[in-house]
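To start, the structure under review is shown below, and the notes come after it.
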Amino acid sequence: MNLTSMKFQFLIKSLPATLVALLFAFTLNAQKDPASSRTAKPLSQDAIEASDDVKDSEYSKDLNLTADQKAAFKKANQEYKTKAKAAKNAKKEEMQRLREERIRAHKATLSPEQLKKYDEMLAQKEAKRKEKQAQKQQNKAAKKAEKKSKGQ
């Protein structure tokens with residue numbers, strides 16, 4: 001037997017053990033707590049502003065900022081917030097444009113019967129989205145009221 005055939009036989013013999021090890025690794029990974037792998041929810045505007053205030057006071061204290069420097073930091077933060085909000089809105093508008101473009105492409109390929117059904121499906125999806133958004137607003141208002149009542 002030559003060296004190449006011995007290597008090949010070793011690979012063939014070790015393949016089942018390798019597959020079992022990979023399957024075991026994937027199974028362990030799949031059983032991880034899904035809550036720990038979720039991404040963090042975006043902070044509310046109040047939380048962001050409170051965080052900025054804390055950061056500003058930390059910078060002010062740690063860097064021993066002058067009044068002019070504090071004002072410059074505050075101005076830079078405000079400009080950043082304004083630009084970030086504009087960028088977020090622009091992204092939303094671009095995504096809406098892309099969704100509309102996709103819908104037009106879908107509709108162009110459908111028969112009249114399919115188009116009617118597709119429009120119904122889109123209407124149902126939009127209704128669910130609005131319902132979910134309204135529920136989210138109600139929850140937000142309730143949390144805000146609860147927070148306010150705890151603060152008094």
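The slack in the chain from Leu122 to Ala17, taken as 0.36 nm per residue of separation less the alpha-carbon distance, amounts to 32.9 nm.
Between the listed residues Phe73, Ser111, Asn89, the Cα displaced farthest toward the positive end of the dipole of region 66-122, a dipole computed from Cβ unit charges relative to the Cα centre, is found at Phe73.
Straight-line cross-link reach from Lys91 at under 22 Å between alpha-carbon atoms covers these lysines, not counting any fewer than eight positions away in the same chain: Lys41, Lys81, Lys83, Lys125, Lys130, Lys132, Lys136.
Readers should treat all values here as calculations from the given coordinates under stated rules, not as data from a laboratory. Keep in mind the model is a prediction, meaning the values are calculated, not measured. No Cβ is skipped: glycine too gets one built from the backbone with ideal geometry, and neighbour counts run over all protein chains shown.
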